[in-house]
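No lab work stands behind these numbers, since they all come straight from the coordinates. Please read all numbers here as calculations on a predicted model, not as lab measurements. Heads up, the Cβs are rebuilt from the backbone with ideal geometry, glycines too, and the neighbour counts pull from every protein chain shown.
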Amino acid sequence: MERTTRHAFFFLVLKVLNFSRFASAEGFLRAGARNLNAYSLDFQEAMESVLGCGSGAGSVNRSMIEEAIMPIWQALPKNNDQQVEWRLLRFLAHRYFMQQSSRMIRGFEPTRQVNDSHAGYAEILNKEAPVSADVMLGGSRKQKGFSFEDAVALVTALEQVLFDSESTLLESVYRGNHHDPHEVLSRSELHKIIEDYMIEWMLGEDRESIAVFQRNHSLRHAVFPKWAAISEMVEGTLKSMEFKQHSLPEPGQAHVGLSQEYSFQDAHVAVGTIAKSFAGFWDTECQDIKQSLVAMDKSGTGRVRLSDFYGSNMNGEWRFGESEAYLRELGALDESSPWKGKQVIIPNYMQAASNCIVSTPHYLVCCVNECESILNDVEAGVGSPLAHSGQVLQLLGNVTNFDDEPPALKESLKDQLERIAETHNGKIPLHGRLFAQWLHYVFPRECPFPHKTGTSSAQTPTEFGDNYIASVAEKTRHVQTIHVEESQEHDLHWMSQWSEEEELIADYSVHLYAPWEGGHWLGSTGAVLLIVTLALVGTSHFAGKPTAVGGLATDKCHFV
């Protein structure tokens, strides 16, 4: 699709989304089986137009998207018109891409604070169809919200435009290899093109390193982890594409299976396939990182002392060298315990941008978020935004972590779940900060600790700056720090980072309060952020309510 056509399409999509907010939701529901108002027809025609420009295997499968996001959609809090606000739409899109391909879409990072002046929409859409935050969030949009069809449309559009965006880099690689994108390539030529593409795709803006690797191919095996496996993955992708085109040829694609000739479109489909599957391929590397950290987690709390973290690095481990300041920025540092000192939170570190193997202008390819499957099981079992504590405990009784171990549901954790329910009229919001915090302590090595919104970020090492790596002096200082020995303090203070601050990603008043309580203090316009702060008194044993430890205030906690 021509660039001007692409711009026009996304402008149309956003215009249609905006128009739909003004349409009568009540009228739409009354339409029943007739179902399609002018908005729906216009939007579907626009989607058919852009998908019609796709390239066979590169085109987006809308029905698969609907199936993937439906369980998340059913568990999201909705207004009286059964629609959701923008904050939830971006939350859903973020989780879809993390689940399907571990791609963190820039602009949809959960660490971003979303408000009227910062809409938090995908940067690639901002580039392709620049619209201001007041258009995205203004007018009656706040009251009407977005429908399931809107959610599918947004994800579908993002899938397609992300696929299309790969062509810019691919074309550059073609020309760097002295090929015109209109040329037909041999199998060996295409393999080389895609290998060169992988180098540029993974190194991103590091043009100096890219130039070195392009000049000296032998360095790839010496420097790149798993380069031989990456080359094999490229070969496997080409073989899979050949098999598919040979067994189920699409119009205009028979040349792949018969003559082993490849077009730019074929190369585009290959790199698009790799982008979606690369996180799964790279997961063994992520698991190696995790296992190294788990080996240092003597207490099973999902935390590694910063002294041990740096000690491993100084003893020859090439990883674990991020500076204290960078770890704090990433939300991977627990500084709440004066007994254990500063600790690296394993799941937060695993999900940090420093461990994302690919960084493009539009997305990061990160390690698989192991907590997604756990939350998916809870959402699917509950099927609504709120759950009773008994439901949650019954569902989690059938869930295991990535090591096939059931959760250690101590009585103290069950009591804590009940207290979360008491905070919300006897029900637990599945997408609140308190429940995410509880999940972290049930699955401390899989579920990230949820910091307060806006206090950490997904900055890559390049974006953070030169001091993202700890100096030898900094590492030495931490390694030489003396801590108290493990003893009874583990049982007393393993949840020292817990705080009672709640954050809800949407207005739950429709679900938490009876209809006659419509004038509740949340307000008729809907509060997008609810913070409930309960005073903590004393430093009781965790069998009571977890509190700040050693006089540290709970506002040391942040939300990602």
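Given a cut-off of under 8 Å on Cα pairs at least six residues apart, what relative contact order in percent is computed for the stretch 194-344?
Numbers: 81 pairs, mean separation 18.8, N = 151.
Value for the stretch 194-344: 12 percent.
Shown in residue order for the stretch 316-332 are the 3J(HN,Hα) couplings computed by the Karplus curve 6.51 cos²θ - 1.76 cosθ + 1.60 at θ = phi - 60°: x, 6, 6, 8, 6, x, 4, 5, 4, 5, 5, 4, 5, 4, 6, x, 9 Hz (x for Gly and Pro). Remark: Ser277, Ser359 ranked as Ser277, Ser359, counting other beta-carbon atoms within 10 Å and listing the fewest first.
Label point 7 Å out from Ala408 along Cα-to-Cβ: which residues of the stretch 445-474 have amide N under 13 Å? Answer for the stretch 445-474: 445. Considering amide H positions built from the backbone, and no H for Pro or chain starts, which residues 5 or more places from Arg305, or on another chain, come under 5 Å of its amide H? When sequence neighbours closer than 5 places are left aside, the close amide H contacts are Val344.
Could you tell me which of rounded, prolate or oblate describes the stretch 353-462, using a ≥ b ≥ c as the square roots of the eigenvalues of the alpha-carbon gyration tensor, with rounded for a/c under 1.5 and, failing that, prolate when a/b is larger than b/c and oblate otherwise?
Working: a/c = 2.18, a/b = 1.72, b/c = 1.27.
Because a/c hits 1.5 or more and a/b exceeds b/c, the stretch 353-462 counts as prolate.
The distance between label points at Asn398 and Glu235 comes to 4.3 nm (points 7 Å beyond Cα on the Cα→Cβ vector). Legend: P(r) of the stretch 185-279 from all alpha carbon pair distances, 5 Å bins from 0, whole percents, reading 2, 12, 25, 22, 17, 11, 6, 4, 0. Across the stretch 84-99, rounded Karplus estimates of 3J(HN,Hα) from the backbone phi angles (6.51 cos²θ - 1.76 cosθ + 1.60, θ = phi - 60°) give 10, 7, 4, 4, 6, 5, 5, 4, 5, 5, 4, 5, 4, 5, 5, 6 Hz, Gly and Pro being marked x.
Amide H to amide H distances under 5 Å link Ile469 with Ser323, where only residues 5 or more positions off or on other chains count and H is placed in the peptide plane. Pairs from the list Lys226/Lys276; Lys342/Lys427; Lys290/Lys342 with a Cα-Cα gap above 24 Å: Lys342/Lys427.
For Asn425, the amide hydrogen comes within under 5 Å of no other amide hydrogen, counting only partners 5 or more places away or on other chains and with H modelled in the peptide plane.
Taking the fewest neighbouring Cβ atoms within 10 Å as the starting point, the ordered list for Met296, Met495 is Met296, Met495. If R0 equals 45 Å, the separation of the Cβ atoms of Glu261 and Asn425 corresponds to a calculated FRET efficiency of about 0.10. Note that the stretch 429-435 has calculated 3J(HN,Hα) couplings of x, 5, 10, x, 5, 5, 5 Hz, one per residue in order, obtained from phi through the Karplus relation 6.51 cos²θ - 1.76 cosθ + 1.60 (θ = phi - 60°); glycine and proline are x.
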